[in-house]
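To start, the structure itself, in C-alpha cells.
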Amino acid sequence: MNIEGIMKIDTIEQYNNLFGFETRHPLVSFVNFDTVESQGHYRMTVGFYSVFLKETKGCTINYGKTMYDFDDQTIVCIAPGQTVGYTTLEGVPSKAKGILFHPDFIRGTSLGQKIKKYSFFSYEANEALHLSAEERMIINNCLSIIRTELQHAIDKHTKGLITTNIELLLDYCMRFYERQFITRQDMNLDALARFEKLFNEYFDSGLTAEKGVPSVKYFADKICLSPNYFGDLVKKETGKSAKEYIQLKMLNMAKENLLDPNKTVTQIAYLLGFQYPQHFVRFFKKYEGMTPSQYRQAK
C-alpha cells in the first residue's frame with residue numbers, strides 16, 4: 001500500500017477498514033499487524049490515541065522530525081492530531097500489536113481526567129520506550145486482558161474494565177519511561193550540556209531581538225527532542241520544569257547585568273528578550289520579591 005499525501009483517519013472503524021481489522025467496539029480496538037498485509041508507505045493523521053508494541057524489525061515509524069528503526073521491542077504512543085508515517089520493508093514481516101482508543105471512550109472516566117499527564121504521547125519517534133524482558137511481559141499481559149475483554153459482548157462492565165486496564169498499561173509505561181531516563185543518564189546530561197551552550201548562544205548572538213524570550217520549544221527543537229520529552233528530561237535531572245529552569249537562568253543573567261551600573265533596566269529588559277520593560281519588572285519581582293531597581297540599590 002503506497003498512498004500519496006496524508007490520510008485523515010478520524011474513527012476507529014476507518015482505521016480498521018483500512019487494514020482489514022474487525023471492529024468489535026466503535027471507540028476502542030485491539031490491532032495485530034502480525035496477521036495483516038501492510039506493505040508500503042503511507043502517512044496519516046489520526047483522531048484517537050494509539051499505543052503500539054513493536055516486536056520485530058521491518059517497520060519504520062516516522063513522526064515529528066525523526067525516523068527511527070525499531071529493532072528491539074519498543075512502545076510507541078501516538079496522540080490524536082499527530083501525523084504519523086509508516087514504512088514497511090519488502091520481504092520482512094511486520095509484527096506489531098496495540099490498542100486504539102477514541103477520546104470519547106475515556107470521557108468522564110478516571111483515565112480521561114489524567115490522560116494529559118501521560119506526556120509521552122507527545123514524544124518523538126526516537127524517544128520510544130525500549131523494554132526489558134520483564135517489562136515486555138507486563139505490557140503483553142495488559143494488552144491480552146484488553147483484547148480478551150473486547151472479544152466479549154459489550155455490556156455495562158465493558159467500558160470500566162477496558163479503561164481501567166488501559167490506565168494500568170499507561171501507568172506502567174510511565175514507570176518504565178522513568179527507568180529509561182535513569183538508564184540513559186549520560187545521554188540526558190549531554191542534552192543538558194547542549195542546552196546550556198544553546199542558552200548562552202541565544203543571548204550572545206542577539207536572538208532576543210528577533211525571537212524574544214526563549215521558549216522550551218526553541219531549545220527542544222535545537223536538541224532534536226520533543227518539548228515534552230525535553231521537559232521531562234530536565235525535570236528528572238534538575239527537579240525543575242524546563243520552563244522554570246529557563247526562567248531561573250534568565251533571572252541569574254538579569255542579576256549579573258543589574259550589577260553593571262552602565263546598563264539601564266530598560267536595556268537589560270530588551271537584552272533578555274522582553275518586548276516591554278514592565279514585563280521584565282513583573283518577571284523579576286515575581287521570582288526575586290523586589291523590582292530590578294530595588295535589587296540594584298540593595299547591592
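Observations
Listed here are the residues, each with its yes/no results for (1) charged (D, E, K, R); (2) at positive phi; (3) open to solvent by 80 Å² or more (accessible area, probe 1.4 Å).
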{"position": "Arg136", "(1), (2), (3)": "yes, no, no"}
{"position": "Asn141", "(1), (2), (3)": "no, no, yes"}
{"position": "Ser144", "(1), (2), (3)": "no, no, no"}
{"position": "Gln151", "(1), (2), (3)": "no, no, yes"}
{"position": "Ile154", "(1), (2), (3)": "no, no, yes"}
{"position": "Gly160", "(1), (2), (3)": "no, no, no"}
{"position": "Ile166", "(1), (2), (3)": "no, no, no"}
{"position": "Leu169", "(1), (2), (3)": "no, no, no"}
{"position": "Met174", "(1), (2), (3)": "no, no, no"}
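- Set Ala254, Ala191: member being over 29 Å from the mean Cα position of the chain (by Cα), closer than 30 Å to Ser119 by Cβ and crowded, with 19+ Cβ neighbours inside 10 Å: Ala254
- Sub-6 Å Cβ pairs linking a first residue in the stretch 271-299 that is at positive phi to a second residue that is not in a helix (DSSP H, G or I), at least 6 apart or interchain, are Gly273/Gly212; Gly273/Val213, ordered by first then second residue.
- Among the residues listed as Glu237, Glu244, the single one being at pLDDT below 90 and within 23 Å of Lys116 (Cβ to Cβ): Glu237
- Exactly one residue out of Lys8, Lys65, Lys114, Lys97 is in contact with a strand residue (DSSP E or B) (Cβ under 7 Å, 6 or more places away or on another chain) and either within 28 Å of Asp155 (Cα to Cα) or modelled with pLDDT under 85 (or both): that is Lys97.
- For the stretch 146-167, the condition holds for no residue, the condition being that it is outside any helix (DSSP H, G or I) and closer than 26 Å to Val234 by Cα.
- Considering Lys243, Lys235, the condition of being in contact with a helix residue (DSSP H, G or I) (Cβ under 6 Å, 6 or more places away or on another chain) and either surrounded by fewer than 21 Cβ atoms within 10 Å (Cβ to Cβ) or among the hydrophobic types (A, V, I, L, M, F, W, C) (or both) is satisfied by Lys243 alone.
The values are calculated or read from the model by the stated rules, or taken from the named source; none is laboratory data. Here the structure is a predicted model, which is why all the values come from computation and not from measurement. Don't worry about glycine lacking a Cβ; one is built from the backbone with ideal geometry, like all the others, and counts go over all protein chains shown. Please note that ligands, DNA and RNA were not included when accessible areas were found on the heavy atoms of the full protein model with its side chains. Shrake-Rupley method; radii C 1.70, N 1.55, O 1.52, S 1.80 Å.
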